[in-house]
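A quick write-up on the structure given underneath.
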Amino acid sequence: MDELLTWFTDMENTKPCALVLFFVTFALIVLYVYTGKKRKERFESYRNIPFEEDDDAASSAGKEQ
């Protein structure tokens, strides 16, 4: 076990391991986002949220005037 910890403390070994770990994580996130029809439809509906008018805010603003 001590040899494994010593191997990880060497920067020549740690950098490639971290690179592989981060690349695999990135690839899994990309696959999650771009696969699945239901997820795609949900993300497409989220795209327009900033442009939708809030009915409650519009009606309360009209009452204040």
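Some observations on this one:
- Subset tally (residues that are within 11 Å of the chain's Cα centre (by Cα) and within 24 Å of Phe8 (Cα to Cα)) for the range 18-39: 2
- Members of the range 31-40 that are surrounded by 10 or more Cβ atoms within 10 Å (Cβ to Cβ) and part of a helix (DSSP H, G or I): Leu31, Tyr32, Val33, Tyr34, Arg39, Lys40
- Subset of the range 1-14 (residues that are loosely packed, with under 10 Cβ neighbours inside 10 Å and not aliphatic (A, V, I, L, M)): Asp2, Glu3, Thr9, Asp10, Glu12
All of the numbers you see were taken from the coordinates with simple rules; none came from a lab. Please read all numbers here as calculations on a predicted model, not as lab measurements. Heads up, the Cβs are rebuilt from the backbone with ideal geometry, glycines too, and the neighbour counts pull from every protein chain shown.
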